[in-house]
Amino acid sequence: MAANLNPCISLPISLGENDFQDLIQKVKDWTIMHGGGMRSKTQFSDDSLTVVPFTLLPSVFPRSEFQKAVAIQPALNELTHRVSNDHEFLFSCLEKTIEVDEFTRNLFKLYETMRNEGFTQPRCLGLLRSDYLLDVCNSTSVKQVEMNTIASSFAGLTSSAPTHRFVFQQLGLLNKLSVLPVNNALQGLSSAIIKAWELFNEKDSVILVIIENQSMNICDQRFHQFEIARQRPEIKVIVKTLTQMSNEAKLSDSKSLLVQGKKVAVVYYRAGYSPDHYFGEAEWSARLMIERSTAIKCPNIQYHLAGTKKVQQALATPGTLERFVKDPKKAAEIRKVFTGLYALDLDENGDKAVQMALDSPDRFVLKPQREGGGNNLYGEDIRKKLISCMKSKERSAWILMDKINPPVQKNYLIRPNQDFKKNSALCEVVSEMGIFGTILCDGDEILINKQVGHMMRTKLTSCNEGGVHAGDDAADIVVTE
Ligand code: ADP
Ligand code: MG
Ligand code: MG
């Protein structure tokens, strides 16, 4: 298949400058009025929103590859669950990393504390998002970028503010609406949280959402809270930061998590994945208190660790995935979406990987155990980093990954507070797709395991990575061909 995908309409868009400007303003207003907003990075205020960056047109994604990613999501959900319950595997993946990476060590300590004390709640909820780039280097196929097991976001924004339907309608492209796939990600994720609440089975219990002290991505978060209220108006949702939890919440003698006088049934983390969310002992103690409680955690600490890049890398080593996925056909389908992943431990294999990266850094991405975008290294920075820790154990904090080469498409990236002229606004972009999955378990028993929707983010080719709320990525919606 050709590396260049045909755009959904011919470009540049056939509108005069004035009509183009009118369209952009109208679509910006439509988007923000339907919840496509975020807090401003430069002028943070609790009272105002700016429009989320978005692509004027939907990016194109081959239908067969989209469906491939959709089809394997339940198997990936189950894989994550099995990995999270395998102590020996988690330890073998992370033992060297926790020697040198303080954040992962703190997470692991929390996990060890729970193992020693005994886990209080056998049920757990995963709201997962497996991310993909379409690789066009050898053949055209989806390759997994990573699996997110905590705070998987953008289900709300991308499924609730379907800007491209409005754009198509404005452009008189009603006959093309069918190429925009239905996306019920928000309903799917919210329903899973509600199912966990039902499983807890206490009428007066609440759902607790843990957020950052300053939430930029407020609309996406609120969408979940409001969708829960829409589906089940009688369920109370409480929102707190880890800092607030340390001051306001407590554990009862029977390990119920109590906040605002209510017992918590489900804790849904939208924060806690970055060292920046822990200002000191208070936040770590709050996390431990939650972990110790009877609340169903989304995710629990094991799921959080199962989402580390180190685990992803270990699963790609020969035979490892197959240990967890007994059905050989399923294992083969999953393996097809893996790309080359390499450990950098201070041993012979690590030395080989380091040499490979030093020889051609542009073929790789160097990744630490971090989430949220903006942490990876590319090109010359890979070389500098590896040279600086060539003979040190610090190498084990990182993994090396083959760089995936997605097809370049043209689109109009619309950002807040920017003027666009029709000709200069058309730019070269690449897209990353995420597939959402939900899994609800009771010990080894899997009660719910589903694929529930998708999201797409698009960035300039000149930008190695971004994040919609970091202002570099634009919310996009997948179109299949
Ligand atoms: P995070 O958990 O911080 O989101 P990711 O593994 O998703 O970490 O990396 C962040 C971004 O870096 C991705 O969204 C993608 O744009 C880019 N990236 C990551 N891995 C690769 C890869 N193997 N090839 C090309 N780009 C990548
Ligand atoms: Mg991630
Ligand atoms: Mg990512």
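Filter the stretch 372-394 down to the residues that are part of a loop (DSSP other than H, G, I, E, B) and more than 16 Å from ligand 2 (Cβ to nearest atom), then identify the one that is farthest from the chain's Cα centre (by Cα). Working first, answer last.
Step one: of the stretch 372-394, the residues part of a loop (DSSP other than H, G, I, E, B) are 372-376, 389-392.
Among the residues that remain, those that are also more than 16 Å from ligand 2 (Cβ to nearest atom) are: 389-392.
On the way: Cys389: 29, Met390: 31, Lys391: 33, Ser392: 31 Å.
Among those residues, the one meeting the criterion is Lys391.
Here is a yes/no grid of residues against (1) within 30 Å of Cys298 (Cα to Cα); (2) without any contact (Cβ under 8 Å) to a residue 40 or more places away in the chain; (3) among the polar types (S, T, N, Q); (4) part of a strand (DSSP E or B):
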residue: Asn106; (1), (2), (3), (4): yes, no, yes, no
residue: Lys109; (1), (2), (3), (4): yes, yes, no, no
residue: Arg115; (1), (2), (3), (4): yes, yes, no, no
residue: Leu133; (1), (2), (3), (4): yes, no, no, yes
residue: Arg165; (1), (2), (3), (4): no, yes, no, no
residue: Asn183; (1), (2), (3), (4): yes, no, yes, no
residue: Ala192; (1), (2), (3), (4): yes, no, no, no
Considering each residue of the stretch 366-383, count those that are surrounded by 12 or more Cβ atoms within 10 Å (Cβ to Cβ) and away from ligand 3 (no atom under 16 Å from the Cβ), and give that number. 4
Report yes if some residue within the stretch 416-423 is closer than 30 Å to Phe66 by Cβ, assigned to a loop (DSSP other than H, G, I, E, B), away from ligand 2 (no atom under 16 Å from the Cβ) and not β-branched (Val, Ile, Thr); otherwise report no. yes
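When the residues of the stretch 145-166 are narrowed to those that are among the β-branched types (Val, Ile, Thr) and at pLDDT 95 or above, which ends up surrounded by the most Cβ atoms within 10 Å (Cβ to Cβ)?
Restricting attention to the stretch 145-166, the residues satisfying the condition of being among the β-branched types (Val, Ile, Thr) are 145, 149-150, 158, 163.
Adding the requirement that they be at pLDDT 95 or above leaves 145, 149-150.
Numbers: Val145: 22, Thr149: 31, Ile150: 24.
By that ranking, first place goes to Thr149.
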Exactly one of these conditions fails for Ser178: (1) small (Gly, Ala, Ser); (2) in contact with a helix residue (DSSP H, G or I) (Cβ under 6 Å, 6 or more places away or on another chain); (3) more than 16 Å from ligand 1 (Cβ to nearest atom). Give me its number. (2)
Subset of the stretch 285-335 [under 16 Å from Met147 (Cβ atoms) and among the basic types (Lys, Arg)]: Lys309, Lys310, Lys330, Arg335
Looking only at residues in the stretch 424-434 that are within 16 Å of ligand 2 (Cβ to nearest atom) and more than 22 Å from Asn300 (Cβ to Cβ), which one is surrounded by the most Cβ atoms within 10 Å (Cβ to Cβ)? Met433
Considering the stretch 171-181 alone, what residues qualify as being surrounded by 15 or more Cβ atoms within 10 Å (Cβ to Cβ) and part of a helix (DSSP H, G or I)? Lys176, Val179
Only one of Ile382, Ile387 is touching a residue at least 12 places away in the same chain (Cβ under 8 Å) and away from ligand 1 (no atom under 16 Å from the Cβ); which? Ile387
Could you grab me the full set of residues in the stretch 123-140 that are modelled with pLDDT of 95 or more and over 25 Å from Ile290 (Cβ atoms)? Ser130, Asp131, Tyr132, Leu133, Leu134, Asp135
Please go through (1) touching a residue at least 12 places away in the same chain (Cβ under 8 Å); (2) within 16 Å of ligand 1 (Cβ to nearest atom) for Thr120 and return the number of the only condition it doesn't satisfy. (2)
Filtering the stretch 33-66 down to residues that are of a type in the set (A, V, I, L, M, F, W, C), more than 19 Å from Met455 (Cβ to Cβ) and either in contact with a Phe, Trp or Tyr (Cβ under 6 Å, 6 or more places away or on another chain) or not in a loop (DSSP other than H, G, I, E, B) (or both) yields Met33
For Val142, indicate whether it is under 21 Å from Leu315 (Cα atoms), of a type in the set (Val, Ile, Thr) and under 24 Å from the mean Cα position of the chain (by Cα). yes
Just to verify a result, which residue in the stretch 5-39, among those that are under 29 Å from the mean Cα position of the chain (by Cα) and of a type in the set (A, V, I, L, M), is nearest to Lys410 (Cα to Cα)? Leu5
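The values are calculated or read from the model by the stated rules, or taken from the named source; none is laboratory data. Note that this is a predicted model, so its numbers are computed, not measured. Counting neighbours? That spans all protein chains shown, and the Cβs are built from the backbone with ideal geometry, glycine included.
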